[in-house]
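Input: a single structure, listed below in C-alpha cells.
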Amino acid sequence: MLPSPTARRIAVVVKGYPRLSETFIAQEILALEQRGLGLEIWSLRHPTEKAVHPMNRQIKGRATYLPEYLYEEPLRVLRGALWSLRRNGFGLAMNAFWADLRRDRTANRIRRLGQAFVMARELPADVGHLHVHYLHTPASVVRYAALLTGRTWTYSAHAKDIWTTPDWEKREKLAEALWGVTCTAQGAEHLQALSPSPERVSLVYHGLDLSRFPAPPESRPVRDGSDPADPVRIVSVGRAVSKKGLGDLLQALAALPPDLHWRFAHVGGGDLLNSLKAQAQATGIADKVAFLGPKTQPDIIALLREADLFVLPSKKAVSGDRDGLPNVLMEAASQKLAIVATDFAGIPEFIRHQADGELVPPGDWEALSNAINLLAREPKRREALGESAFERLRRDFSMEGGIDDLEGRFRRLIDTGARDQVAA
C-alpha cells in the first residue's frame, strides 16, 4: 500500500521481537504508546525465547514478522517482488541494493531485499514513517522499503551495529535517513564524523523507567566474605558473548584469596555458556558458580535485590563488537547495588570511578579480581557506591528525558510531515 496523505502511525522495525536482552527497546515502545503515538512492530526474526518480560505483554502495537528466510515463505516474497516491480521507487531501491551487493556479496544482502519487498507491499497505508533499531541489517531492510514506497525513515543506533557495520555502509544510510539517535556519547561522535550532516545525529540515553521497579531495599545483610555460611553474593547479567568479558570475570573470581567466601550467579543465554561452564570447572570454582540462563525482568530484579555486588567487565570483541551503555547497569543501580565494571564504551558516562562504582581497564582480570576482593570485604563502601549510583540514575538517567525527545521528533513527523511523500 502507499502512504496516505494523512498517515498517522509509525512502523518500528527490529531484528527480533520480543527479546529478553532488549528491555530498552520494549521500554521505549511502551512509553511512546502510553503517550498516544500509534506504533506497530515489524520484526526480521521470530522470537527464540519462551519467556517474555511483563512490559512486552503491555505493548498493544501489532507485531508483523517478515520471512526470516526467503525460502520459507516463497509466495509471500514473490507477491512482494511483483508488487515492488511496479513501483516508481523500484529503480532507486535496486540501485542501492546492487551497490551494496557489489561490496558485500553475501546471501544476507539478498535476504534483506526480499524482506523489504514483503514489507513494502504489506505496510498499511496509514503508516507514513519507518523507525528502525540498529543500523546494520534491519536498517538495510528499512532503507530498501523506504525507497520503494517513498516513506521517510529514521534510526536508533546502539552498539554492535555501530562498531561492526562498514563505514561505507554507515555513511550511505546516515545520508538517507532523516535523523538518528544513539545511546552513548562515543557512538554519537563516531556517527557524526561519518554523517554529511552531523547535526542529524543526536545523543539520546535510553534511561530507565523507575516506575517499573520496586524501591531499593532499605538495607542489605552486612556480608564481608568472612563467613562461609553466608558468602558474599556476586551477580552478572548479560548474554554469554565475548564482549561481555565473562571469561575475564571467571578468571578474576578464580584468583580471589581463599579466605574470601563468595558465590556467583550469571543470568543470560548465549553461545559461550558451555565454554564458560567448562572454564569454571577447570579453574575449580564450579561449586561456587551458578549459570541460571535467561530470566524475565522480575526474576532479575529479585536477584539484584538479594545480591551484594554486580559485576560487568565489558570489553571489545575480536569482531569489533562492543557494548553501548548496558541497561542492566542502570537496573542494578535502581536497587542501590554496588557495581564493578570496566572503563569502556558508554559505561563511564554513567558510572563515575570511585563515586558510583569501581571501574577497571577492560580485559584486565587481575585488576578486576582486586576490585572485587576489596569491595567484597567492605560493606559500607558498597552501600555508599550503591547510594550514589541510585541518585545519579534518578537525577540524570531517568527514561523521561529520552522519551520526551523521541516523542517530540515523532510528533513533528506525524503532524507536519518530514517531506512530501513520493507517490510510488
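What follows draws every value from the coordinates through simple rules; no lab data is involved. Being a predicted model, the structure only gives us computed values, none of them experimental. Ideal geometry is used to build each Cβ from the backbone, glycine not excepted, and the neighbour counts take in all protein chains shown.
Note on segment 211-396: Kirkwood radius taken over Cα pairs, Stokes-Einstein applied at 4 °C and 1.567 mPa s, translational D equal to 80 µm² s⁻¹.
Helix-only arithmetic for the chain: the sum of -39500 (n - 2.57) across DSSP H runs with n ≥ 4, divided by the residue total, places the mean residue ellipticity at 222 nm at -13500 deg cm²/dmol.
Could you give the longest part of the chain that holds none of the trypsin sites (Lys or Arg not before Pro) found in DSSP loops with at most 15 neighbouring Cβ atoms within 10 Å?
Segment 106-351 is the longest.
Of the residues P74, P124, P47, the one that moves most in a GNM of the chain with alpha-carbon contacts below 10 Å is P74.
State which entries of K60/K173; K173/K244; K295/K336; K243/K277 exceed 24 angstrom in Cα-Cα distance in the structure shown. As for pairs spanning more than 24 Å Cα to Cα, those are K60/K173; K173/K244. Of all aspartates and glutamates in the structure, not one lies under 13 Å Cα to Cα from K50 without also being fewer than 8 positions from it along the same chain.
So for segment 211-396, averaging the separation of alpha carbon pairs under 8 Å that are six or more residues apart and normalising by length, what relative contact order in percent results? Don't skip to the end; give the middle numbers.
Values: 361 pairs, mean separation 46.8, N = 186.
Contact order relative to length: 25 percent.
Pairs of Cα atoms nearer than 8 Å and 6+ residues apart set the relative contact order; for the chain it is 17 percent.
Farthest towards the positive end of the charge dipole of segment 211-396, among the residues P379, L359, L246, is the Cα of L246, using unit charges on the Cβ of Lys, Arg, Asp and Glu. Note on segment 222-273 and segment 310-356: Cα centroid distance 15 Å, given to the nearest whole angstrom. Computed from the C-beta positions of H353 and D404, the FRET efficiency with R₀ = 41 Å rounds to 0.90. Segment 104-163 and segment 22-75 have Cα centres spaced 15 Å apart. Within the listed set L39, L256, L113, the residue fluctuating most in the Gaussian network model of the chain (springs between alpha-carbon atoms under 10 angstrom) is L256.
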